[in-house]
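K.L.:
Let me begin by handing over the structure; questions about it come next.
FYI, it's all coordinate maths here, none of it is from the lab. If you're wondering where the values come from, they're calculated on a predicted model, not measured in any experiment. A quick note on method: Cβ atoms are made from the backbone with ideal geometry, for glycine too, and the neighbour counts reach across all protein chains shown.
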Amino acid sequence: MAEPRVLVIGAGMSGLAMGAKLKAAGIDDFTILEKGSDVGGVWFWNRYPGLACDVPSLLYRYSFQNKTDWPNIFSARDDILAYHRDVADDHDLWPHIRLDSEVVAAKFVDNAWHVESAAGEKFTADFLIAATGVLHHPNRPDIPGLDDFAGPVVHTARWDRDLDATDKRVAIIGGGSTGVQITGALQPIVHKLSLFQRSPQWVLWAPTTLPQPKFMTRLFRRRPSLAQASFRASVRASALFTDLTIHPGIKRRAVQAYARLCLYLIRDRNLRERLRPDYQPLCKRQVLSGNYFRAVQQSNVEVVTERIDHVDATGIVTADGNHHDLDVVVLATGFQAHNYMRPMELTGRDGITIDEAWKSGPHAFAMTSIPGFPNFFTILGPNSPVGSIHLQTAAELTCDHIVRWISAFARGEMMTVEVSETATSRFNTDVVDALQPTVWNTGCESWYFKDDGTVDLWPFDLATLKQYLGQPLSSDYTITHPERGSDGDQMG
Ligand code: NA7
């Protein structure tokens, strides 16, 4: 028997789930290193006006942490952040969490992970888990002259709370989920809003700004079992969304028809046509909004579809030579979604670096294991279902999978585990094959796609995800034992 030492990087949605699962399994020697000064991950870093989740509140939660008294049908940032703090409270995670601790390097030497923080602190662990998120590194566009702008230029993912946009002339570059949310929030207060749109997005009308009905909150409070049942039913219902993204058919066509119908909430035909995308609805991450259609039709909003040529001290110049006078430039230009745990220097067995292992793009067996990196796991790593399956379910199943390996270590049944190259390339081939009928293969560009044009998503259903994470196959892993060296045994 050996007490496993575990390091988790990140105290966001995945890292907190990992902590709660480790606690539940009786594994207590773990530390969660968090770069930010609070838990919550994306919900800590993102704080722009209008930020809310695009998954309904009753569904955006862990299976092990019930909450039913959400103020809104789609929760706002602060409510989700408070929920994550409650998780840390209720599972006694705070003593394990070290805030303001950015990991800069991790190296596997002598069957252990040696980890270093930006402050120079050193840690040693038997297992290292990257719960570092997907949408973390802001994508700052390479627009000529952007640094010459005299006023504030702010990326939505690093919003400046001191920035007051009231009565200002504001540009929003980018019209994804973030650009759409911040449009709804800023339009009522600014003097003029100029939306610089490189490509239009399909937007589905949904009650994103409405409060949760009081009777629901009261009902769930009186009957907690009903709340849990409704959560399970919602998770099952979200399989419908998976189904329509991965299989062509009537359900996909019905949602696509709804997206096209929503466009008719725009009364002006010219504006409507400029907002009409030229790819299939659902291909990019689907944008939901209850206030975008109203906001975009107000007299203080202009939609600019002309290409941005450059920025100067006082505004943006478009390719047609027009100068758009501005006080503030908001970059709603998304994220470098395929960096994962990088720029951390991650070095596995025999000195292999993550950049070498991922020179043809990020990949991991079943989203979590990388050849050359023993006793290292990612949660919501490459090919995670960020565009389909219920995210907390996927994260929790990955945590359960990791806990099984750590428990095997604790029982003395193994010392290290490393997934094989063969299993990983077989998985990658299966992913590429499975992508064929998905909606993501219908011709569009988004953060879902890697540089080589393949999609960084889970193209299978929930049952397949459970299958991959539920039963590790001995032949897929090299396992070393405390006394015997390496073989291909299955863990207990
Ligand atoms: P997204 O969905 O990646 O959207 C980024 C937007 O920024 C999109 O409209 C891009 O246009 C636009 N963009 C990016 N670079 C440029 C440049 N250089 N010039 C002009 N426009 C640009 O990010 P979000 O933050 O909105 O959403 C991310 C996820 O958060 C979302 O999917 C939800 O899961 C929550 P493009 O379409 O590429 O032409």
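K.L.:
If you take the Cα Rg of the stretch 146-331 and divide it by 2.2 N^0.38 Å, with N the number of residues, what do you get? Present the calculation step by step, with values, prior to reporting the outcome.
P.N.:
On the way: Rg = 19.6 Å, N = 186, 2.2 N^0.38 = 16.0 Å.
Its radius of gyration relative to the 2.2 N^0.38 Å reference: 1.22.
K.L.:
How high is the FRET efficiency from residue 104 to residue 167, r the C-beta distance, R0 45 Å, rounded to 0.05?
P.N.:
Step by step, r from the Cβ atoms, then E = 0.60.
K.L.:
On to the next question. Distance check, please: which entries in 107/466; 107/359; 21/466 exceed 25 angstrom between their Cα atoms?
P.N.:
Violating the 25 Å limit, Cα to Cα: 107/466.
K.L.:
Arranged from highest to lowest average of other beta-carbon atoms within 10 Å per residue, in what order do the peptides 386-392, 11-17 appear?
P.N.:
Those peptides, ordered most packed to least, come out 11-17, 386-392.
K.L.:
Please list, in order along the stretch 285-291, the HN-Hα scalar couplings obtained from phi with the Karplus expression 6.51 cos²θ - 1.76 cosθ + 1.60 (θ = phi - 60°), rounded to whole Hz, x for Gly and Pro.
P.N.:
Once θ is set to phi - 60°, the couplings for the stretch 285-291 become 4, 5, 8, 10, 7, x, 10 Hz.
K.L.:
Okay, moving on. What shape does the stretch 379-492 take by its C-alpha gyration tensor, where a ≥ b ≥ c are the square roots of the eigenvalues and a/c under 1.5 counts as rounded, a/b above b/c as prolate, and the rest as oblate?
P.N.:
prolate
K.L.:
Taking the Cα centre of each part, how many Å lie between the stretch 357-427 and the stretch 332-355?
P.N.:
One Cα centre to the other: 15 Å.
K.L.:
While we're on this one: Mean residue ellipticity at 222 nm from the helices of the chain, using -39,500 (n - 2.57) per DSSP H segment of n ≥ 4 over the full residue count, to the nearest 500 deg cm²/dmol? Let's see the in-between values first.
P.N.:
On the way: 13 runs with 144 residues, N = 492.
Computed mean residue ellipticity for the chain: -9000 deg cm²/dmol.
K.L.:
Here's something else I'd like to know. Mind listing the long-range amide H neighbours of residue 145? Cut-off is under 5 Å, sequence gap 5 or more, other chains count too, H placed in the peptide plane at 1.01 Å from N.
P.N.:
311
K.L.:
Quick one: grab the alpha carbon gyration tensor of the stretch 64-183, order the square roots of its eigenvalues as a ≥ b ≥ c, and give me rounded if a/c is under 1.5, else prolate or oblate depending on whether a/b is larger than b/c. Before the final figure, lay out the partial values.
P.N.:
On the way: a/c = 2.69, a/b = 1.39, b/c = 1.93.
Since a/c reaches 1.5 but b/c is at least a/b, the shape of the stretch 64-183 is classed as oblate.
K.L.:
Quick one: which residues, 5+ away or cross-chain, put their amide H under 5 Å from the amide H of residue 208? H built at 1.01 Å from N.
P.N.:
It is 290, by chain and number.
K.L.:
Could you tell me which of rounded, prolate or oblate describes the stretch 187-255, using a ≥ b ≥ c as the square roots of the eigenvalues of the alpha-carbon gyration tensor, with rounded for a/c under 1.5 and, failing that, prolate when a/b is larger than b/c and oblate otherwise?
P.N.:
oblate
K.L.:
For the stretch 334-411, which trypsin sites (Lys or Arg not before Pro) are in a loop by DSSP, counting at most 13 other Cβ atoms within 10 Å?
P.N.:
Taking the stretch 334-411 and a limit of 13 other Cβ atoms within 10 Å, the loop trypsin sites (Lys or Arg not before Pro) found are 359, 411.
K.L.:
Efficiency by 1/(1 + (r/R0)^6): what FRET value for residue 111 and residue 430, r their Cβ-Cβ distance, R0 = 25 Å, to the nearest 0.05?
P.N.:
0.20
K.L.:
Enter the angle in degrees (range 0 to 90, nearest 10) between the Cα long axis of helix 391-410 and the first principal axis of the Cα atoms of the chain, meaning the one along which they spread out most.
P.N.:
Once rounded, one gets 20 degrees.
K.L.:
While we're looking at this one, here's another question. Points 7 angstrom from Cα along the Cβ direction at residue 260 and residue 221: gap in nanometres?
P.N.:
Those two pseudo-labels are separated by 4.6 nm.
K.L.:
Something else now. Rounded to the nearest 0.05, what FRET efficiency is calculated for residue 270 and residue 441 with R0 set to 35 Å and r the Cβ-Cβ distance?
P.N.:
Working from the Cβ atoms, E equals 0.65.
K.L.:
Using a simple spin-label model with points 7 Å from Cα along the Cα→Cβ vector, what separation in nm is obtained for residue 400 and residue 251?
P.N.:
For the pair residue 400/residue 251, the computed spacing is 2.1 nm.
K.L.:
Moving on to the next point. Per 10 Å bin, what is the whole-percent P(r) computed from every C-alpha pair distance within the stretch 23-134?
P.N.:
Percent of Cα pairs in each bin: 12, 38, 32, 15, 3, 0.
K.L.:
Also, I was wondering about something else. For the stretch 112-155, list log₁₀ I(q)/I(0) at each q in 0.24 Å⁻¹, using the Debye formula over Cα point scatterers of equal strength and ignoring solvent, two decimals each.
P.N.:
These q points yield log10 I(q)/I(0) values of -0.93.
K.L.:
Whole-Hz ³J(HN,Hα) for each residue in the stretch 191-198, computed from phi via Karplus 6.51 cos²θ - 1.76 cosθ + 1.60 with θ = phi - 60°, x for glycine and proline: what do you get?
P.N.:
Going residue by residue, I get 6, 8, 10, 10, 9, 8, 10, 6 Hz, with x marking Gly and Pro.
K.L.:
Restricting to DSSP loop positions (anything but H, G, I, E, B) with no more than 12 other Cβ atoms inside 10 Å of their own Cβ, which GluC sites (Glu not before Pro) remain in the stretch 401-492?
P.N.:
Answer in residue order: 445, 483.
K.L.:
Right, here's the next one. What number in nm² do you get for the chain if you take the convex hull of its Cα atoms and divide its surface by four?
P.N.:
23.6 nm²
K.L.:
Under the 0.36 nm per residue contour assumption, what length would be gained going from the current alpha-carbon distance of residue 140 and residue 352 to full extension?
P.N.:
Taking residue 140 through residue 352 to full extension adds about 73.4 nm, to one decimal.
K.L.:
Need one number: nm distance between label points at residue 320 and residue 473, each 7 Å from Cα along Cα→Cβ, rounded to one decimal.
P.N.:
Modelled inter-label distance: 5.8 nm.
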